[in-house]
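Take a look at the structure set out below.
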Amino acid sequence: MKVEAEKVMSPAGSPQVPDPEAMNQMLPLGERRAAIEIENLSKKFDVVAVDGLTLDVMEGELFGLLGPNGAGKTTLINMLCGLTKPTVGTAKVGGYDIIKEIDKVKDQIGVCPQETALFPYLSGRENLDLFGSLYLMPKDALKKRSQELLAGIGLLEDANRRVGKYSGGMKRRLSLICALVHEPEIAFLDEPTVAMDPQSRHAVWGFIRDLTKDGKTVILTTHYMEEAQELCDRVGIIDHGKLIALGTPAELIEKYSAKHLEDVFLQLTGRNIREEL
Amino acid sequence: MKTRRIIAIAKRDLKRTAREPAALFMIFLFPIVFVIAFGGAFGGIGGSSSPTYGVGVVNLDNISTGVATGQQWSSLFVNSLSATKILNVQAYPDNETAQMDLAQGKIQAVMIIPSGFGASCSSFLASPGDASKWVNTTVLLYFDSGSLFATQAISPIFQQVLGTLLDGGQQTVAKPISLSTPSLVNVQKTSAFDYMAPGMFAFASIFMIMIVAQSFALDKENGLLKRIRMTPTSPSEFMMSQVLSNMVTAFIQAAIVFGLVYLMGFRPLVSSITIVLSFGLVLVFSLCNVGFGLITATIAKSSGAATGIAFLFLLPQLFLGTFVGASLSGAAQSASRFVPSFYVTDALTSLLLRGAPMTSPTILLDIAILVVSSVAILIVGILLFGRILRES
Ligand SMILES: Nc1ncnc2c1ncn2[C@@H]1O[C@H](COP(=O)(O)OP(=O)(O)OP(=O)(O)O)[C@@H](O)[C@H]1O
Ligand SMILES: [Mg+2]
């Protein structure tokens, strides 16, 4: 909330001229600028993981990326954050091309990967410190921010313990705040709540909501449909690398005359367990 | 390239090394255990902390002239030799008795001070700049060719003491007194601790191959390389941080080895600049080991495999280029020319043990080969591993 207030006041000395940034945040989702523009993006390994996907995610939007195992969600995120090169197509993240301007893309984004990757021989605080340093955060700000995040996610007491000794859920929580330590404009959260107890999950939900209140864009993948229904402004369901449904949870539930989002999901993707190639 | 990132990643590497018992063991404890074990086996420990070598002195200057100045000069020289604490000087009445003790191994060297020694010294002091007015004499030295220390170290000690006596150690000035070793000394490689000490540095450093390989392979396995790639860190920043952290590790390791061999009686009679240069060479050599580690990590599919593959680079260097292979066959000795560790050990041996000047051709050649091969291996490692960093 604080950030928005500051934005309305700027530029300094002329409070009557509203900041276009802040204006954009106040628009309804459909009329905002796109934070992520994906155009006909494909990735082929032995299988086609992402297949001609086109999608816009708006600034300040909390977008749920849903789909069965192997649908291509992680591959899509990996392409958007510069880890994997697309076979065909292109995308812009924060206005920068993911192929030509990947360095600028990386400055804008924070990624909480599906597979927790933390430095086990460092403490929680040291992990945050390292990630913050990689984004060249000023030392004082980094210290303050780390403290806030650790407190917010309930890791303050364990902050000085080595991460190797954390439980699975604690590692997940730390991984999330490591992705957010530098206050990225766009956050990719690949199954952030997996392996978490209900308490932690609710804490994380609060966290994610706060992010979008601050005008950040969030791409969230999850297999918990109630989580997506509860949190997301819009969801996109992908299967076999293709976008097969897109809309707000309420729209989709209505369109498919379903009881809840999980119904929609099962209707669209079937009841067979996905077998990976 | 941002220094902040490089330092941040280097710091986490050093923390890992410090906190990982296996790494700590490989890098620091293992060399320590080895140095102590070899030191114990080859006489580095147990004796007095400063080893003494017996030198028999036959002072002909005393007897023949009886001139007070001659006596003063020669006894001053003998006293200065004793004052080094490395030499245990014993007076002998004549050459034969001294030679008998030398042959029996009671002493390691015999020095004959000629009758004109005092006159020679006085003539030098009277006109240090005019060689034509000097009375020239020659001090004869006989060594036990089986004692490595005697053949390698006593002569420089004599030279130094003599220089200090005459002109305060300005060794560039020509002097009327020359040292001569009439018996041809056959230098033989032995396993004396003194001779092994220079090889200890390369020995310890070589184990970095395994640590570097394992840590890179583990980072790859645990998704940490990918995780770093998601941040704005560039591959070159990452690589620089690895070089930096490993150089710090190599430096600490070299300091530990140096402290240890020193404690065990290795006293290189060289200037501090030579010591600094020696450390520098060990650091250059560590670059080569980082390179081998990177190559290993590139080939290895897992951290377990990395350990095995690391031995392929580690063992030849260990056996061909450190003290371990001091008594190798001829064929193996030629093969040793192909491992970088040979050149660092050879250079350190020349510098620290033989007291050779750093500008001598052998050392310059050693340094050149060491630098070129280390940098080349490091670059190959970086290029190979860089492909993994960039792969999609
Ligand atoms: N590096 C790779 N090499 C080969 N195939 C890959 C690679 N990464 C992903 N795939 C394949 O691409 C497809 C999509 O995988 P992806 O991880 O994107 O799915 P996902 O939607 O994230 O699944 P999950 O919900 O299980 O995380 C799968 O069939 C997978 O086997
Ligand atoms: Mg996935």
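The values are calculated or read from the model by the stated rules, or taken from the named source; none is laboratory data. Bear in mind that the values here come from a model prediction, so they are computed numbers and not experimental data. All Cβ positions, glycine included, derive from the backbone under ideal geometry; neighbour counts span all protein chains shown.
Here are some notes:
- Hits in segment A:69-115 - residues which are more than 16 Å from ligand 1 (Cβ to nearest atom), of a type in the set (Val, Ile, Thr) and within 12 Å of the chain's Cα centre (by Cα): A:Ile109
- Yes/no for A:Lys259 being modelled with pLDDT under 95, under 16 Å from A:Ala35 (Cβ atoms) and not small (Gly, Ala, Ser): no
- Residues (within 10 Å of chain B (Cβ to nearest Cβ), more than 16 Å from ligand 2 (Cβ to nearest atom) and among the aliphatic types (A, V, I, L, M)) located in segment A:69-118: A:Ile102, A:Val105, A:Ile109, A:Leu118
- The criterion of being over 29 Å from A:Glu37 (Cα atoms) and either charged (D, E, K, R) or in contact with a Gly (Cβ under 8 Å, 6 or more places away or on another chain) (or both) does not hold for A:Val235.
- Scanning segment A:215-258 for residues that are farther than 16 Å from A:Val194 by Cα, small (Gly, Ala, Ser) and in a helix (DSSP H, G or I) returns a single hit, A:Ala250.
- Segment A:119-166, residues that are within 12 Å of another protein chain (Cβ to nearest Cβ) and of a type in the set (Asp, Glu): A:Glu126, A:Asp129
- Residue within segment B:378-389 that is surrounded by 14 or more Cβ atoms within 10 Å (Cβ to Cβ) and modelled with pLDDT under 80 present: yes
- B:Lys15 vs. criteria within 11 Å of another protein chain (Cβ to nearest Cβ), touching a residue at least 12 places away in the same chain (Cβ under 8 Å) and more than 24 Å from B:Leu263 (Cβ to Cβ): no
- Criterion: surrounded by fewer than 16 Cβ atoms within 10 Å (Cβ to Cβ), in contact with a helix residue (DSSP H, G or I) (Cβ under 7 Å, 6 or more places away or on another chain) and in contact (Cβ under 8 Å) with a residue 12 or more places away in the chain - qualifying residue of A:Ile244, A:Ile186: A:Ile244
- Helices (runs of 4 or more DSSP H) fully within segment A:112-214 counting 2 or more residues that are of a type in the set (Phe, Trp, Tyr): A:198-213
- Summed over segment B:208-230, residues that are surrounded by fewer than 22 Cβ atoms within 10 Å (Cβ to Cβ) and assigned to a loop (DSSP other than H, G, I, E, B) total 2.
- Of everything in segment A:52-68 that is within 16 Å of ligand 2 (Cβ to nearest atom) and either assigned to a strand (DSSP E or B) or within 14 Å of chain B (Cβ to nearest Cβ) (or both), the residue that is farthest from the chain's Cα centre (by Cα) is A:Leu53.
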